[in-house]
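Quick notes on the structure that follows.
The values are calculated or read from the model by the stated rules, or taken from the named source; none is laboratory data. On a predicted model such as this, the values are computed, not experimentally measured, just so you know. Glycine also receives a Cβ, built like all others from the backbone with ideal geometry; neighbour counts cover every protein chain displayed. Please note that ligands, DNA and RNA were not included when accessible areas were found on the heavy atoms of the full protein model with its side chains. Shrake-Rupley method; radii C 1.70, N 1.55, O 1.52, S 1.80 Å.
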Amino acid sequence: MAGLSVNNNSATFSSIRYAIYLNHSVYIYESGSNKGVILSYKEGDVFRVERIGDKVYYKQNDQI
């Protein structure tokens, strides 16, 4: 998992506020809760969790 947090109080995935998890598909997690599968991916894809103002965006190859 990779994502954004205010702080890192522990080394568990539940401490990540907004996260992307790649495991055969792309999963979105928020505060440790699985929000579902978004899409599939292939080798070379680039993922990003981005906060702009009060909105969080999950991007694949710069696409929302």
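Of these, N23, N9, N61, which one is open to solvent by 60 Å² or more (accessible area, probe 1.4 Å) and in contact with a helix residue (DSSP H, G or I) (Cβ under 7 Å, 6 or more places away or on another chain)? Before you say what the answer is, go through the steps one by one.
On the way: N23 fails: in contact with a helix residue (DSSP H, G or I) (Cβ under 7 Å, 6 or more places away or on another chain); N61 fails: in contact with a helix residue (DSSP H, G or I) (Cβ under 7 Å, 6 or more places away or on another chain).
After applying the criteria, what remains is N9.
What pairs can you find where one residue is in the range 26-46 and under 17 Å from D62 (Cβ atoms) and touching a residue at least 12 places away in the same chain (Cβ under 8 Å), the other is among the acidic types (D, E) and open to solvent by 60 Å² or more (accessible area, probe 1.4 Å), and their Cβ atoms are less than 8 Å apart, with a gap of 6+ or different chains?
V46/D62
With the requirement that a residue be open to solvent by less than 50 Å² (accessible area, probe 1.4 Å), over 23 Å from G53 (Cβ atoms), in contact with a strand residue (DSSP E or B) (Cβ under 7 Å, 6 or more places away or on another chain) and not hydrophobic (A, V, I, L, M, F, W, C), what does the range 26-42 give you?
To start, the set of residues in the range 26-42 that are open to solvent by less than 50 Å² (accessible area, probe 1.4 Å) comprises 26, 28-29, 32, 36.
The next check asks that each one be over 23 Å from G53 (Cβ atoms); those that pass are 26, 32, 36.
After this cut, where a residue has to be in contact with a strand residue (DSSP E or B) (Cβ under 7 Å, 6 or more places away or on another chain) as well, the list is 26, 36.
Across the range 26-42, the qualifying residue is only G36.
When residues of the range 43-58 are filtered for being closer than 26 Å to N9 by Cα, surrounded by 10 or more Cβ atoms within 10 Å (Cβ to Cβ) and not β-branched (V, I, T), how many remain? Talk me through it step by step, then tell me what you get.
From the range 43-58, those closer than 26 Å to N9 by Cα are 47-58; that's our starting set.
Subset that is surrounded by 10 or more Cβ atoms within 10 Å (Cβ to Cβ): 47-51, 56-58.
Next cut, not β-branched (V, I, T) only: 47-48, 50-51, 57-58.
Going through the range 43-58 one residue at a time, the tally reaches 6.
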